[in-house]
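Below is one structure, written out as structure tokens; comments come after it.
The values are calculated or read from the model by the stated rules, or taken from the named source; none is laboratory data. Keep in mind the model is a prediction, meaning the values are calculated, not measured. So basically every Cβ, Gly included, is an ideal-geometry build from the backbone, and we count neighbours across all protein chains shown. Surface accessibility is based on the protein's heavy atoms, side chains included, excluding ligands, DNA and RNA. Shrake-Rupley method; radii C 1.70, N 1.55, O 1.52, S 1.80 Å.
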Amino acid sequence: MYIANQESLEAFARRAMRSSVLAVDTEFLREKTYYAKLCLLQLATDDETVIVDPFEVEDLRVLAPVLEDGSVVKLFHAGGQDLEILLREVGTLPRPLFDTQVAAALLGHTQQIGYAALVHAECGVTLKKIDSFTDWSRRPLSDSQLEYAADDVAYLPRMYERMRAKLVELGRLSWLDRDFEDMADPARYAANERERYRRLKRVSQLSRRQLAAAREVAAWRELEAQRRDVPRKWVLTDEQIVEACKREARSIDELFMVRGMSDRLSTKDARTVVSLVSSALDAPPSAWPEPDRCGKNEPNVDAELDLMCALVRLRAKQNGVAFPTLASHDDLARVARGYREGIDVLRGWRRSLVGEELLRLLEGRIALSLSDGEIKVTEV
């Protein structure tokens, strides 16, 4: 069913309140905007699948009651961007929710398994891929495009039932509670322009003093991109910010020595950027940010990491969990260097499965050995 008016959307929202599940997916474009441009919203309940045209309906906020209804489980696959769009377009985040990609990692599938691959594995259905690179903003949409869009939610209820049953059988359903709570936390989708500099490409080339300048320029770029609703790189590229801060550009002439900078910035904006750079460079060292990643002065932990990876690999194999889902390399490196806060492998089910053992391994309380080609864990 194709919904292209407000009355039909409101009627569907009322029907969805009687369903046990609501599968959700979106089609959007982001190549020319800062904010994702929603082009289609696909929804499926226990007994119907609809495609909502956001260009035709007046207000998507009528979906808020069903998204917030605790008796209706909202289903997603790799739903991070879908949730961000719902928060912006509907004004709320769904609860409770279930993400089939997250759950799949606890059932022996590879981490970040694609929707089509999971549908094939769980339902035995091979989905068509012909319309995967469609420009969803164009109208009218063809029958094959609408079928492709509908397929993105049509199988989620069936997969949810199968996967949920397996998780219950394994005693793992509650393992996902924290993951799904985090996904439904609005703070996860709040843009913090003051932290954006940490994600700049090649930012590790900068000194702490230069990093202070990069923080200010990256924050300005973030707000400017939001204001114009254009991609960040259309304002300034990561490389241009890093190069300008590395040069410690205090004048427009110095700033425009960076390749392409004069083509992107007006004179007014250039004055703003050099003012931000100068102020940051002149700030006291106490105002400089700390590097995000482990510095060169921190101890080498290659030996510890080798042992930790062996232990994680063992527990992942024994429990049918994808290695990266159980523990990322960055998390293991942080644990090896003594960090204990804000690390996924030391929280919830991951801590129970391997996190506690990792700490005991680093403390020398357990040892790893080989016996008949198998890794053995023994108390020391």
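Checked against (1) under 25 Å from the mean Cα position of the chain (by Cα); (2) outside any helix (DSSP H, G or I); (3) at pLDDT 95 or above, residue 233 meets all criteria but (2).
Among 137, 144, which is surrounded by fewer than 19 Cβ atoms within 10 Å (Cβ to Cβ), of a type in the set (Ser, Thr, Tyr) and assigned to a helix (DSSP H, G or I)?
144
Evaluation of residue 275 against the conditions (1) loosely packed, with under 13 Cβ neighbours inside 10 Å; (2) over 30 Å from residue 351 (Cβ atoms) shows that the sole unmet condition is (1). Just checking, does region 278-286 include any residue being surrounded by 19 or more Cβ atoms within 10 Å (Cβ to Cβ), under 11 Å from residue 214 (Cα atoms) and not charged (D, E, K, R)? Checked region 278-286: at least one residue is surrounded by 19 or more Cβ atoms within 10 Å (Cβ to Cβ), under 11 Å from residue 214 (Cα atoms) and not charged (D, E, K, R). State yes or no: is residue 262 open to solvent by 50 Å² or more (accessible area, probe 1.4 Å) and either more than 31 Å from the chain's Cα centre (by Cα) or touching a residue at least 60 places away in the same chain (Cβ under 8 Å) (or both)? So residue 262 fits the description; yes. Within region 93-107, does at least one residue satisfy the condition of being among the hydroxyl-bearing types (Ser, Thr, Tyr) and open to solvent by less than 60 Å² (accessible area, probe 1.4 Å)? Yes, region 93-107 contains a residue that is among the hydroxyl-bearing types (Ser, Thr, Tyr) and open to solvent by less than 60 Å² (accessible area, probe 1.4 Å). Residues in region 72-92 that are open to solvent by 10 Å² or more (accessible area, probe 1.4 Å), part of a loop (DSSP other than H, G, I, E, B) and not hydrophobic (A, V, I, L, M, F, W, C): 77, 91, 92. For residue 131, the criteria (1) over 29 Å from residue 353 (Cα atoms); (2) open to solvent by less than 30 Å² (accessible area, probe 1.4 Å); (3) of a type outside the set (S, T, N, Q); (4) modelled with pLDDT of 95 or more hold in every case but one, which is (4). Summed over region 12-44, the residues that are under 26 Å from residue 161 (Cα atoms) and either in a loop (DSSP other than H, G, I, E, B) or of a type outside the set (Val, Ile, Thr) (or both) give a count of 18.
Matching residues to (1) open to solvent by 50 Å² or more (accessible area, probe 1.4 Å); (2) under 27 Å from residue 167 (Cβ atoms); (3) not aromatic (Phe, Trp, Tyr):
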| site | (1), (2), (3) |
| --- | --- |
| 291 | yes, no, yes |
| 300 | yes, no, yes |
| 312 | no, yes, yes |
| 324 | yes, yes, yes |
| 344 | yes, yes, yes |
| 357 | no, yes, yes |
| 374 | yes, no, yes |
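For residue 105, the stated conditions hold: it is in contact with a Pro (Cβ under 9 Å, 6 or more places away or on another chain) and under 30 Å from residue 314 (Cβ atoms). For first residues located in region 237-259 and free of Cβ contacts under 8 Å to residues at least 40 places away in the same chain and within 27 Å of residue 34 (Cα to Cα), partners that are β-branched (Val, Ile, Thr) and open to solvent by 40 Å² or more (accessible area, probe 1.4 Å) and lie 6+ apart or on another chain with Cβ distances below 8 Å form the pairs 252/267. Here residue 69 passes the criteria (1) under 23 Å from residue 6 (Cβ atoms); (2) of a type in the set (Asp, Glu); (3) open to solvent by 60 Å² or more (accessible area, probe 1.4 Å) except the one numbered (3).
Restricting attention to region 165-218 and to residues that are among the polar types (S, T, N, Q), within 30 Å of residue 250 (Cβ to Cβ) and assigned to a helix (DSSP H, G or I), the residue that is least open to solvent (accessible area, probe 1.4 Å) turns out to be 210. Scanning region 45-66 for residues that are outside any loop (DSSP other than H, G, I, E, B) and crowded, with 18+ Cβ neighbours inside 10 Å yields a count of 7.
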